Amino acid sequence: MAMTSKTLALMVASLAAALATHTACREPTYVSLVISTDVACSDLQGTSITVGRLNEIEERAPLTTVTTCAADGTVGSLVVTPSGDASEEFAVRVVSGVKRNVDECKAPDYGQGCIVARRALRFVERTPLTLPIAMRAACAGVACGPEQTCVKGACVDARVDSARCEGAGCDEDTLGGGGGAGGRDGGGVVPTARGCGGLGFDFAASNVDVGTLTFPEGADDGDVLVDQSCPINGESGDLCFVRGESYAFQRVTTPAGDVAVFSMCRFRVQPAATLEVRGSLPIVIVALDVIDVQGTFSAVGSGAASIAKSKGGGQGGGEYLSGGGGGGGGFCGRGGAGGLFGGTGAPGGSPYGTPELVPLLIGSAGAAESNGYCAGGGAIQLTAGRSVTVGAGGRLNVGGDGGYYYSGGGSGGAVLLEAPAVSIAGIVAANGGGGGGGGTTNHDGAAGGPSDRPAPGGSAGTDSAGGEGSGGAGVDGAAGLHRTEGTARGGGGGGAGRVRINSRTPAEVSGVVSPSLDTPCATRGPLRSTP
């Protein structure tokens, strides 16, 4: 059989001889691999096929590589016959490159844009078997163990139970070596949740037990698309004013307090949309497939707040001193001190929490002159089974409030991004707010914004300016100023919050992360394996 320009037809071993001995009462022994894809052919940059034993195919060179596919998604076919024992076991590894050359997809990690499928099965004597292998886009960048394969975004046992090949067809339901499609530990990892038509997690999420969450069942269900400006409320569970079948809501109690968990298949914020957090509970979005933020997702000032003439709310609340400016809130960075004429002003709040953001905590407030001002930034965790993307126009902002006059600015909040693949081309910011300006007139500080620039403190006018909030490489809030005469005083700026990125492959960061990734307030780490 010859190779055509669109598909591959290849004989492995001695199929011709086997067919030559075929009679009406004697079927040949072989397995026919049929490879297909749901990836656009224009994005597919080669598919390699390797045949051997399961414990050796990771080290073997490909048997052949196909560079094209047919319009219906057919990549090609390959026929394998036994070389000896008619019931011997063999394995196949198929690798496709999506928007990258398949030659760049190398074991053991392969990398983003690589789809890896494995199968291991035994021949059935005198029985032709068909083994379909679907190279799905949902598996691009999903790195499974050497004895596992990716199915709809989840890692499962690559062994096929040949006895379950109904009608001689060995589809994905036969995976699991006789034990179904449950996760086999090929690398210390098993799926922790299932739904959305078979999607699943192969790592342990931070702060929540994904196995206890509810997900839609169907592959086409559970898509949450935010295409307008609307709120997400951690108290009520409303997302854009509705409760629907596309997501589930659960208020989860942790040792550090409650978190609001929204679970679904896929979550997207469109470019023109703005999703604003209401309430002070940390927000956790868990999607079994992808999370894609192309618009704005904001939790500015949705952290701990203040009451009048007192220390700021939260673990790192700024201190209050009568007659002086309020201290800025602290979280990872310290809050700036408040200004005081002729003396030392109220100190800013101290650091707390962990770099891993376990537990997931909100930002703290600056000390305030009036109720409800100077709140810290909120907390947003985005955990996905396949990928988290912040597009070039995407904005994840958990900045602290700016201080009202005399008051300290709130600290930045918390952002945790977690998936096998994480990409940031836009902005992820957890900056402190600027302190309020002092005096008899109201000069508010600016809230922490989606950039790496510090939020300005309230202007001085004829009085005293508030301190800048954190930004970029500067993680501490600046002190409020004070005049050399009179009683005017400025509030301290808020300190930086925390940013954490957990991924299997190195996160692609071409955008802005503030606080900067070269500070202790923005860190990276690996995904955690399930126990």
Would you please name the residue that is farthest from the chain's Cα centre (by Cα), looking only at residues in the range 26-51 that are on the phi < 0 side of the Ramachandran plot, in a strand (DSSP E or B) and among the small types (Gly, Ala, Ser)? SER32
Give me a count of the residues in the range 85-119 that are under 21 Å from GLY145 (Cα atoms) and touching an Asp or Glu at 6+ places or on another chain (Cβ under 6 Å). 2
Does the range 88-114 hold any residues that are within 30 Å of ALA163 (Cα to Cα), charged (D, E, K, R) and in a strand (DSSP E or B), and which are they? GLU89, ARG93
Filtered residues of the range 472-483 (kept if modelled with pLDDT under 95 and part of a strand (DSSP E or B)): HIS482
Can you tell me how many residues within the range 56-87 are part of a loop (DSSP other than H, G, I, E, B) and either closer than 21 Å to ARG136 by Cβ or in contact (Cβ under 8 Å) with a residue 60 or more places away in the chain (or both)? 13
Kindly provide the set of residues from the range 58-99 that are touching a strand residue (DSSP E or B) at 6+ places or on another chain (Cβ under 6 Å) and charged (D, E, K, R), ordered by number. ARG60, GLU89, ARG93
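Got a number for residues in the range 484-505 being in a loop (DSSP other than H, G, I, E, B) and modelled with pLDDT of 90 or more?
Result for the range 484-505: 8.
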Filter the range 509-531 for residues that are among the β-branched types (Val, Ile, Thr) and part of a strand (DSSP E or B); which is farthest from GLY433 (Cα to Cα)? VAL509
Among the numbered criteria (1) more than 16 Å from GLY409 (Cβ to Cβ); (2) buried (at least 24 other Cβ atoms within 10 Å of the Cβ), which single criterion is violated by GLY326? (1)
For the range 269-289, give me each residue that is closer than 23 Å to LEU357 by Cα, in a strand (DSSP E or B) and either out of contact with any Pro (no Cβ under 8 Å at 6 or more places or on another chain) or among the hydrophobic types (A, V, I, L, M, F, W, C) (or both). LEU275, VAL277, ILE283, VAL284, ILE285, VAL286, ALA287
Name the one entry in VAL224, VAL208, VAL259, VAL252 that is in contact with a strand residue (DSSP E or B) (Cβ under 7 Å, 6 or more places away or on another chain) and not in a strand (DSSP E or B). VAL208
Residue count, the range 184-205 (criterion: touching a strand residue (DSSP E or B) at 6+ places or on another chain (Cβ under 6 Å), at pLDDT below 75 and closer than 24 Å to LEU131 by Cβ): 4
Scan CYS374, CYS332 and give me the residue that is in contact (Cβ under 8 Å) with a residue 40 or more places away in the chain, surrounded by 23 or more Cβ atoms within 10 Å (Cβ to Cβ) and within 22 Å of the chain's Cα centre (by Cα). CYS332
Note on the range 252-285: residues over 21 Å from PRO450 (Cβ atoms), of a type outside the set (A, V, I, L, M) and crowded, with 17+ Cβ neighbours inside 10 Å are PHE262, SER263, CYS265, ARG266
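Tally up the residues in the range 112-143 that are within 21 Å of LEU78 (Cβ to Cβ), of a type outside the set (D, E, K, R) and in contact with a strand residue (DSSP E or B) (Cβ under 7 Å, 6 or more places away or on another chain), please.
16
The values are calculated or read from the model by the stated rules, or taken from the named source; none is laboratory data. Fair warning: this is a prediction, and the values are worked out from it, not measured in the lab. All Cβ positions, glycine included, derive from the backbone under ideal geometry; neighbour counts span all protein chains shown.
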